[in-house]
2 protein chains.
Amino acid sequence: MTTFSADRSYAQELDAADQLAPFRDRFVRQDRELIYLDGNSLGPLPVRTQARIAEVVDQDWGVGLVRSWDRWIQLPRQAGDMLGEHLLGAVPGQVIVCDSVTVNLYKLAWAAVDARPGRDVVITDDDNFPTDRYVLQGMAAQRGCELRVIHTDMDNGISEEALAEALDDRVALVALSHVAYRSGGLADMTKLTDLIHRAGALVLWDLCHSVGAVPVELDASGADLAVGCTYKYVNAGPGAPGFLYVREDLQALLCQPIWGWFGQHDQFAMGPRYDPAPGIDSFLTGTPNIIGSVAVEEGARLLGEAGLAALRAKSIELTSYLIALADEWLMSLGFMIASPRDAARRGGHVTLRHDDAWPISQALIRANVVGDYRTPDRLRLAPVPLTTSFTEVFDAMDRLREVAATKSYADVPLEPHRVT
Amino acid sequence: MTTFSADRSYAQELDAADQLAPFRDRFVRQDRELIYLDGNSLGPLPVRTQARIAEVVDQDWGVGLVRSWDRWIQLPRQAGDMLGEHLLGAVPGQVIVCDSVTVNLYKLAWAAVDARPGRDVVITDDDNFPTDRYVLQGMAAQRGCELRVIHTDMDNGISEEALAEALDDRVALVALSHVAYRSGGLADMTKLTDLIHRAGALVLWDLCHSVGAVPVELDASGADLAVGCTYKYVNAGPGAPGFLYVREDLQALLCQPIWGWFGQHDQFAMGPRYDPAPGIDSFLTGTPNIIGSVAVEEGARLLGEAGLAALRAKSIELTSYLIALADEWLMSLGFMIASPRDAARRGGHVTLRHDDAWPISQALIRANVVGDYRTPDRLRLAPVPLTTSFTEVFDAMDRLREVAATKSYADVPLEPHRVT
């Protein structure tokens, strides 16, 4: 490969050498002019998923009707095992697709605190995703535990030192994100899990911004618990269900608090008392979202076909290239890189900081480049290995430079959540 | 209308006079030989819903991508208001579509107990749907409250006397089903709500087996809280989201325990502390299921078009006709009616009792009639007004008579949940 140059022909060279390029055709791309760098918020629609959803609706529901439950009943576990095998480094029987990330966080955090009697502290960090912080605040309020919030550098992710300092023998659970939603900072799962275990606490990893974007090795890292969503890099569609992981030896020890009929042993006996199903099934609650679960299965299968190692290699190339162009073009225009520069410490997206990040993000959409804005002054750009070309990264950055240089965003109104 | 006769021509006469008959074409009916009497478990697929799901997948997700969230964000409330208006007798801003019934039960039951400080008893009945009983058992275990379980006649539904006897000034919440899942017994919502309120407790109605099947008047009855599912009579598809109702004046008083980012005021400010959104939005948790919510909206719209009064009138005709045929043909074959005979006390399905209910239900499926089996010895049959004709009821009962009389079910293996 030739040396970096801020010239479009260099991007074209990279595209020509890209082994994953054919996967672009596995996604619906009706608007070929659009540069989509927001797969970290909502992943695009795989062609096969589109067909499979139609099949589930038209055939399984439309014709099979209630009889299709004979197969559907397996889906939460089947889709979970598929995620485990292809994306999470988890042997079967430890991952299940159900509920939302928020509800799964609640279930696992609650169960984890119960599993560490005599300990009454939960740790998270101040730059964790809002729903993680809110769920833990709620649980702390309900149970009277202490929520200890460590400070995290908004540009870099979790600090090992801050965590080490907060840990003591009162800590029952530490809940952290594997990839920080704002900076894209990638935590060292094995190292932090070890640190947490040495203090006798359990760890709950939020994988929302890492599943499908970076290799996750739940079993190998010794992680206890994890949750994640499937509508970002897993491409399972808007509001597709979340998943959860409980390490096999913990499953019998942990009792989640929402006792529903899908978590019941011998469910259709409809017995008088709740008697949790053995294994990972006990972490189910109500009737699962079937269309969403099918899309999870297809999404995981597609990423598995490409292979996480190849995906990660191209993702690093894409984000490194994006950063190199930002260094070349944007630093004089008021931007800063707000993601780790070390690729080994970075997830699938790059965050830029700019005082006018909100109006710039909107003007960029008008220029047919969709990224996203995050408070207070961040622009997130996610070039996704299966769907983004290097030329698209070049063009997106070129338009971003143009928008910022010409201040073509001056007419954009205030960000909506500040208009009250 | 002529007098009842156990002759097929009578059914044909009823069909000819049926104003709702044209609605049959609003549903996908590829297999026209199938008699589907299990809409109380999974409702059939409306044609418009099929098209709308394809539109959401192909256009909103496939082309609009993350930009579609501008509209999707309104869906939980929009679909909730649609249910409120057409099916629940609730003015806007009190119903929201989210999570599953199980999770919604948990949220509301928890919040209700908090809202009645000094009271530590929750009441339900022993024939309530399993997930309702299990959720309350779980909450009672976690909070140390007492779960008082009143006895309900399996064939008739809730006894007002048993409830009156169980109520006292320790009771914080009573959670009951409006229509009993087993017998189809229909509770008098207004009367029981009054009784419960006189004891100073809150009531939480489970509407799973009543929404879309019988008129529900939440506002007029003075009900406090309700939950329900949408995959039965609302025809929103397998695992479509549940809904919940919180009467307007209670919304600010009740704080549900799962604090997620969709329940947060000014969600995208992503502020440091959970600050619940005003109104019904505070009962949301995580990212909503978009495809499912769209199907709820379409399902409610379709039932609203037919009108609940017309639906209820035909439903009573259908179930009364089914019971009349059962009386005529089945009593000598070991069957009993296990639903209220008084139509005013019966929901949308009829339950028959037979010692061989399980193998009979399976042999009936072989005869192209899909009903469902419920432990220990019940066969549930739901002739649904929008999709079931009187002739289908005649044919189904005729085949049931044949199956039972010839014992053609003798080869059916034991019910699956007894095979362990």
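The values are calculated or read from the model by the stated rules, or taken from the named source; none is laboratory data. All values reported here derive from a predicted model rather than from experimental measurement. Ideal geometry is used to build each Cβ from the backbone, glycine not excepted, and the neighbour counts take in all protein chains shown.
Does at least one position in the range A:392-404 carry a residue that is more than 14 Å from chain B (Cβ to nearest Cβ), out of contact with any helix residue (DSSP H, G or I) (no Cβ under 8 Å at 6 or more places or on another chain) and assigned to a strand (DSSP E or B)?
No, the range A:392-404 has no match at all.
Has the range B:97-109 got any residue that is of a type outside the set (K, R), within 18 Å of B:D249 (Cβ to Cβ), buried (at least 24 other Cβ atoms within 10 Å of the Cβ) and assigned by TED's automatic domain parsing to the domain that holds B:A236?
Taking the range B:97-109 as the starting set, the residues that turn out to be of a type outside the set (K, R) are B:97-106, B:108-109.
Okay, now just the ones that are also within 18 Å of B:D249 (Cβ to Cβ), so B:108.
Cutting the leftovers down to buried (at least 24 other Cβ atoms within 10 Å of the Cβ) gives us B:108.
Still in the list and also assigned by TED's automatic domain parsing to the domain that holds B:A236: B:108.
Yes - at least one qualifying residue is present in the range B:97-109.
Can you pull out the residues in the range B:20-69 that are among the polar types (S, T, N, Q) and either surrounded by fewer than 18 Cβ atoms within 10 Å (Cβ to Cβ) or facing chain A (nearest Cβ under 9 Å) (or both)?
Keep residues of the range B:20-69 that are among the polar types (S, T, N, Q), which gives B:30, B:40-41, B:49-50, B:59, B:68.
If the condition is that a residue be among the polar types (S, T, N, Q) and either surrounded by fewer than 18 Cβ atoms within 10 Å (Cβ to Cβ) or facing chain A (nearest Cβ under 9 Å) (or both), then B:Q30, B:S41, B:T49, B:Q50, B:Q59, B:S68 are the ones that fit.
Here is a list: A:V57, A:V63. Which entry is among the β-branched types (V, I, T) and without any contact (Cβ under 8 Å) to a residue 12 or more places away in the chain?
Details: A:V57 fails: without any contact (Cβ under 8 Å) to a residue 12 or more places away in the chain.
From the options A:V57, A:V63, the qualifying one is A:V63.
Give the residue that is farthest from the chain's Cα centre (by Cα), with candidates limited to residues of the range B:111-137 that are surrounded by fewer than 24 Cβ atoms within 10 Å (Cβ to Cβ) and facing another protein chain (nearest Cβ under 8 Å).
Within the range B:111-137, the match that is farthest from the chain's Cα centre (by Cα) is B:Q137.
Within the range B:245-255, identify whether any single residue is surrounded by fewer than 23 Cβ atoms within 10 Å (Cβ to Cβ), away from chain A (no Cβ under 12 Å), in contact with a helix residue (DSSP H, G or I) (Cβ under 6 Å, 6 or more places away or on another chain) and over 21 Å from B:W69 (Cα atoms), and answer yes or no.
Filtering the range B:245-255 for residues surrounded by fewer than 23 Cβ atoms within 10 Å (Cβ to Cβ) gives B:247-255.
Filter again for away from chain A (no Cβ under 12 Å), leaving B:247-254.
Filter once more, keeping what is in contact with a helix residue (DSSP H, G or I) (Cβ under 6 Å, 6 or more places away or on another chain): B:251, B:254.
This time we only want the ones that are over 21 Å from B:W69 (Cα atoms), so: B:251, B:254.
Scanning the range B:245-255 turns up at least one residue that is surrounded by fewer than 23 Cβ atoms within 10 Å (Cβ to Cβ), away from chain A (no Cβ under 12 Å), in contact with a helix residue (DSSP H, G or I) (Cβ under 6 Å, 6 or more places away or on another chain) and over 21 Å from B:W69 (Cα atoms).
Determine which member of the set A:T131, A:T124 is of a type in the set (S, T, N, Q) and either touching a Ser or Thr at 6+ places or on another chain (Cβ under 6 Å) or assigned to a helix (DSSP H, G or I) (or both).
Selected residue: A:T131, the only one of A:T131, A:T124 that is of a type in the set (S, T, N, Q) and either touching a Ser or Thr at 6+ places or on another chain (Cβ under 6 Å) or assigned to a helix (DSSP H, G or I) (or both).
Taking the residues in the range A:138-162 that are β-branched (V, I, T) and modelled with pLDDT of 95 or more as candidates, determine which candidate is surrounded by the fewest Cβ atoms within 10 Å (Cβ to Cβ).
Looking only at the range A:138-162, we keep the residues that are β-branched (V, I, T), and these are A:149-150, A:152, A:158.
The next check asks that each one be modelled with pLDDT of 95 or more; those that pass are A:149-150.
On the way: A:V149: 17, A:I150: 21.
Looking at the filtered set, the residue picked out is A:V149.
Failed condition for A:T351, given (1) within 24 Å of A:C229 (Cα to Cα); (2) within 12 Å of chain B (Cβ to nearest Cβ), with all others met?
Failed condition: (2).
Quick check on A:E165: is it within 25 Å of A:D342 (Cα to Cα), surrounded by fewer than 24 Cβ atoms within 10 Å (Cβ to Cβ) and modelled with pLDDT of 95 or more? First the steps, then the outcome.
On the way: within 25 Å of A:D342 (Cα to Cα): yes; surrounded by fewer than 24 Cβ atoms within 10 Å (Cβ to Cβ): yes; modelled with pLDDT of 95 or more: yes.
So A:E165 fits the description; yes.
Can you tell me which residues in the range A:70-92 are of a type outside the set (A, V, I, L, M), in a helix (DSSP H, G or I) and surrounded by 16 or more Cβ atoms within 10 Å (Cβ to Cβ)? Steps first, answer last, please.
Going through the range A:70-92, the residues of a type outside the set (A, V, I, L, M) turn out to be A:70-72, A:74, A:76-78, A:80-81, A:84-86, A:89, A:92.
Within this subset, residues satisfying the condition of being in a helix (DSSP H, G or I) are A:70-72, A:76-78, A:80-81, A:84-86.
Residues satisfying the conditions are A:W72, A:P76, A:R77, A:Q78, A:G80, A:D81, A:G84, A:E85, A:H86.
Go through (1) free of Cβ contacts under 8 Å to residues at least 60 places away in the same chain; (2) over 16 Å from B:M336 (Cα atoms); (3) buried (at least 19 other Cβ atoms within 10 Å of the Cβ) and name the single condition B:L379 misses.
(2)
Six or more apart or on different chains, Cβ atoms under 6 Å: show the pairs whose first residue is in the range B:158-179 and touching a residue at least 60 places away in the same chain (Cβ under 8 Å) and whose second is assigned to a helix (DSSP H, G or I) and among the small types (G, A, S).
Final answer for the pair search is B:L173/B:A112.
Which one of these does B:P288 not meet: (1) within 14 Å of another protein chain (Cβ to nearest Cβ); (2) out of contact with any helix residue (DSSP H, G or I) (no Cβ under 7 Å at 6 or more places or on another chain)?
Here B:P288 clears every test but (2).
Does B:Q137 satisfy the criteria of being assigned to a helix (DSSP H, G or I), closer than 21 Å to A:G144 by Cβ and of a type in the set (S, T, N, Q)? Before the answer, list the steps.
Numbers: assigned to a helix (DSSP H, G or I): yes; closer than 21 Å to A:G144 by Cβ: no; of a type in the set (S, T, N, Q): yes.
Here the answer is no, as B:Q137 does not meet what is asked.
I'm trying to understand the selection: among the residues of the range A:263-284, which are part of a loop (DSSP other than H, G, I, E, B), more than 8 Å from chain B (Cβ to nearest Cβ) and either more than 21 Å from B:Y181 (Cα to Cα) or in contact (Cβ under 8 Å) with a residue 12 or more places away in the chain (or both)?
To start, the set of residues in the range A:263-284 that are part of a loop (DSSP other than H, G, I, E, B) comprises A:265-266, A:270-275, A:277-278, A:284.
Add one more test, that the residue is more than 8 Å from chain B (Cβ to nearest Cβ), and what stays is A:265, A:275, A:277-278, A:284.
Passing the criteria: A:H265, A:A277, A:P278, A:L284.
Listed residues A:R312, A:R345; which is in contact (Cβ under 8 Å) with a residue 24 or more places away in the chain, surrounded by fewer than 18 Cβ atoms within 10 Å (Cβ to Cβ) and touching a Leu at 6+ places or on another chain (Cβ under 6 Å)? Please lay out each step first, then the result.
Values: A:R312 fails: touching a Leu at 6+ places or on another chain (Cβ under 6 Å).
Going through A:R312, A:R345 in turn, just one is in contact (Cβ under 8 Å) with a residue 24 or more places away in the chain, surrounded by fewer than 18 Cβ atoms within 10 Å (Cβ to Cβ) and touching a Leu at 6+ places or on another chain (Cβ under 6 Å): A:R345.
Tally the residues that are charged (D, E, K, R) and within 18 Å of A:L207 (Cβ to Cβ), restricting the search to the range A:331-349. Before you say what the answer is, go through the steps one by one.
Let us first name the residues in the range A:331-349 that are charged (D, E, K, R), namely A:341-342, A:345-346.
Checking which are within 18 Å of A:L207 (Cβ to Cβ) leaves us with A:345-346.
Selection size over the range A:331-349: 2.
Is at least one residue of the range A:301-309 in a loop (DSSP other than H, G, I, E, B), within 19 Å of A:A382 (Cβ to Cβ), touching a residue at least 12 places away in the same chain (Cβ under 8 Å) and under 20 Å from the mean Cα position of the chain (by Cα)? Spell out the reasoning first.
Of all residues in the range A:301-309, those in a loop (DSSP other than H, G, I, E, B) come to A:307.
Now restrict to residues that are within 19 Å of A:A382 (Cβ to Cβ): none.
No; the residues of the range A:301-309 include none that is in a loop (DSSP other than H, G, I, E, B), within 19 Å of A:A382 (Cβ to Cβ), touching a residue at least 12 places away in the same chain (Cβ under 8 Å) and under 20 Å from the mean Cα position of the chain (by Cα).
Which one of these does B:D31 not meet: (1) more than 30 Å from A:R48 (Cα to Cα); (2) in the same structural domain as B:R399 (by TED's automatic domain parsing); (3) not aromatic (F, W, Y)?
The one condition B:D31 does not meet is (1).
Within the group A:L364, A:L325, A:L352, which residue is in a helix (DSSP H, G or I), more than 20 Å from B:G64 (Cα to Cα) and in the same structural domain as A:L34 (by TED's automatic domain parsing)?
On the way: A:L364 fails: more than 20 Å from B:G64 (Cα to Cα); A:L352 fails: in a helix (DSSP H, G or I).
From the options A:L364, A:L325, A:L352, the qualifying one is A:L325.
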